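*Asks:* Quick one: this structure, given as structure tokens, is what I'll be asking you about.
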């Protein structure tokens, strides 16, 4: 178990980590290499997580352009930032294998993946004593190189069942309904009615796959003049003026000043944290420049 943040006495603040043998890792790399082409064919263009030639900068730039275009056209839009309740831990194993079969993945590779999850058991140690063992029927193994790809395929099926093509905002002649980076999901709707239907449809499809939306952590930006609150399951979703998406501040005004200032502030702090290195005369100037580029410059230019 790895402590993420928050109260160390709260079990929900811990992430399970799979300990995998070197032999298994070699096998997993081989399986992934054989699946890569099929995975690329199955994932929609909107999913950029763990895919070659893509990164968070693509998502941040796309959202920024969409906000600016909506403002320029004097239209309205809802941008909903989805939070799944315990996303990676909620993937149902039987539904995952069913999804892989429906997508047409080679049966022999599915069987190999199944072998990683079949007959898994766990127990909890408390005060130097262990509880009775119990079966693990949900959750992809965090720390396994296959897991992010399996999760992306799992949520891809949820998006298909939501029929996302009926929603979205037109930008440059193309309708965009969502942008995803692994479990970081942003939905786009052109009005209140569409936003409500979209989030309800996604939640319904997600629940059928044991993946439920977290209303308390889901937020949305509104651009326009006729705002109406959105909710699902009789719980209001919080409207915010700025949302931190993939580490970058995204305001409903499209103004990046606060994000730029935050980046500069983080870079300054990083410079101060490394003050002993800057003062060390035994470290060459060339190495200091390399450290600067690696540890400071990357912080300031992230998402640019």
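The values are calculated or read from the model by the stated rules, or taken from the named source; none is laboratory data. Given the structure is predicted, the values throughout are model-derived calculations rather than measurements. Cβ coordinates were reconstructed from backbone atoms using ideal geometry, including for glycine residues, and neighbour counts include every protein chain displayed.
*Asks:* Output the residues belonging to the range 153-167 that are surrounded by 21 or more Cβ atoms within 10 Å (Cβ to Cβ) and assigned to a loop (DSSP other than H, G, I, E, B).
*Replies:* 167 - this is the single residue of the range 153-167 that is surrounded by 21 or more Cβ atoms within 10 Å (Cβ to Cβ) and assigned to a loop (DSSP other than H, G, I, E, B).
*Asks:* Of all residues in the range 174-223, which are out of contact with any helix residue (DSSP H, G or I) (no Cβ under 8 Å at 6 or more places or on another chain), within 24 Å of residue 60 (Cα to Cα) and surrounded by fewer than 17 Cβ atoms within 10 Å (Cβ to Cβ)?
*Replies:* 174, 191, 214, 216, 217
*Asks:* Show me the strands (runs of 3 or more DSSP E) entirely contained within the range 192-255 in which 1 or more residues are farther than 30 Å from residue 93 by Cα and without any contact (Cβ under 8 Å) to a residue 40 or more places away in the chain.
*Replies:* In the range 192-255, 242-245, 248-251 are the strands (runs of 3 or more DSSP E) which contain 1 or more residues that are farther than 30 Å from residue 93 by Cα and without any contact (Cβ under 8 Å) to a residue 40 or more places away in the chain.
*Asks:* Right, another one. List every residue pair whose Cβ atoms lie under 8 Å apart, where the two residues are 6 or more positions apart in sequence or sit on different chains, the first residue falls within the range 18-44 and is assigned by TED's automatic domain parsing to the domain that holds residue 109, and the second residue, located anywhere, is surrounded by fewer than 12 Cβ atoms within 10 Å (Cβ to Cβ) and at pLDDT 95 or above.
*Replies:* If the second residue must be surrounded by fewer than 12 Cβ atoms within 10 Å (Cβ to Cβ) and at pLDDT 95 or above, the pairs left are 38/104.
*Asks:* Please go through (1) outside any loop (DSSP other than H, G, I, E, B); (2) in the same structural domain as residue 77 (by TED's automatic domain parsing); (3) in contact (Cβ under 8 Å) with a residue 12 or more places away in the chain for residue 262 and return the number of the only condition it doesn't satisfy.
*Replies:* (2)
*Asks:* Would you mention how many residues in the range 91-137 are within 28 Å of the chain's Cα centre (by Cα) and outside any helix (DSSP H, G or I)?
*Replies:* Within the range 91-137, residues that are within 28 Å of the chain's Cα centre (by Cα) and outside any helix (DSSP H, G or I) number 13.
*Asks:* Of these, 150, 95, 100, which one is under 21 Å from residue 203 (Cβ atoms), at pLDDT 95 or above, assigned by TED's automatic domain parsing to the domain that holds residue 202 and surrounded by 12 or more Cβ atoms within 10 Å (Cβ to Cβ)?
*Replies:* Unique residue meeting the criteria: 95.
*Asks:* So, of the residues in the range 3-31 that are under 20 Å from the mean Cα position of the chain (by Cα) and assigned to a helix (DSSP H, G or I), which turns out to be modelled with the highest pLDDT?
*Replies:* Here the residue is 13.
*Asks:* Please pick out the residue among 129, 120 that is without any contact (Cβ under 8 Å) to a residue 24 or more places away in the chain and touching a helix residue (DSSP H, G or I) at 6+ places or on another chain (Cβ under 9 Å).
*Replies:* Result: 120 is the single residue among 129, 120 that is without any contact (Cβ under 8 Å) to a residue 24 or more places away in the chain and touching a helix residue (DSSP H, G or I) at 6+ places or on another chain (Cβ under 9 Å).
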